[in-house]
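Note sheet for the following structure.
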Amino acid sequence: MNRFYAATALCFALTAPALADGKIYVQLPDLSSYQGQEAEDFLHEVVLANVVSSNCTGAEISDEEWSLLTDSADILAHQLGLSTDVYDEQYYGPAFDALDQNETCYIESPNVPVIIDKLVALGGSTVALPDQDQAYEDYQAMRAAWDAEAATEAPSTGKTKTK
């Protein structure tokens, strides 16, 4: 019987981190006012801040700040109607290409806290939500709604139409 309890405890221990996905969830900003070119420009800034903070010495950020950056970028990409391929090609590709420039880390590292502060000013936070299990559920529900919405829409061209 002790083996049963030990096995059950082990299963719970192994599935708990999977539930939370190993990610820290934070309050996300209201980015609904960003549309068109402004959203595209801000998405470039947020993605570059993410790539720089993950790859440049001295620009490191906390897990909470990383979640704020990456989830905010995903929100902007969703608002722009970008497919995953277009998002990677037009935003993450150029951000990683920028790392090939010797001066990128030096020039862009100081912008990382500026972008984080801007996201916080828009209602985001760099503090973990108190109920991470509920935050995980809410995040998964948001992503499921996005997936359902995408399934009913025409494929994205990757560019926003402007007049």
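The values are calculated or read from the model by the stated rules, or taken from the named source; none is laboratory data. Since this is a predicted model, take the numbers as computed values, not measurements. Here Cβ is always computed from backbone atoms with ideal geometry, including for glycine, and neighbour counts include all displayed protein chains.
Remarks
- Tabulated pairs, segment 72-90, first free of Cβ contacts under 8 Å to residues at least 40 places away in the same chain and closer than 18 Å to GLY124 by Cβ, second β-branched (Val, Ile, Thr) and in a helix (DSSP H, G or I), C-beta under 9 angstrom, 6+ apart or interchain: ALA73/VAL46; ALA73/VAL47; ALA77/VAL47; ALA77/THR84; ALA77/VAL86
- Some residue of segment 86-94 being closer than 17 Å to TYR25 by Cα, of a type outside the set (Asp, Glu) and surrounded by 13 or more Cβ atoms within 10 Å (Cβ to Cβ): no
- Residue in segment 2-19 that is of a type outside the set (A, V, I, L, M, F, W, C) and either modelled with pLDDT of 50 or more or in a loop (DSSP other than H, G, I, E, B) (or both) present: no
- The set of residues in segment 100-120 being modelled with pLDDT under 95 and surrounded by 16 or more Cβ atoms within 10 Å (Cβ to Cβ) is empty.
- Restricting attention to segment 55-71 and to residues that are closer than 20 Å to TYR91 by Cα and under 11 Å from the mean Cα position of the chain (by Cα), the residue that is surrounded by the most Cβ atoms within 10 Å (Cβ to Cβ) turns out to be LEU68.
- In this entry, GLY123 passes the filter for residues that are touching a residue at least 40 places away in the same chain (Cβ under 8 Å), surrounded by fewer than 17 Cβ atoms within 10 Å (Cβ to Cβ), among the small types (Gly, Ala, Ser) and closer than 17 Å to PRO29 by Cα.
- Test for TYR106: is it at negative phi, more than 15 Å from the chain's Cα centre (by Cα) and aromatic (Phe, Trp, Tyr): yes
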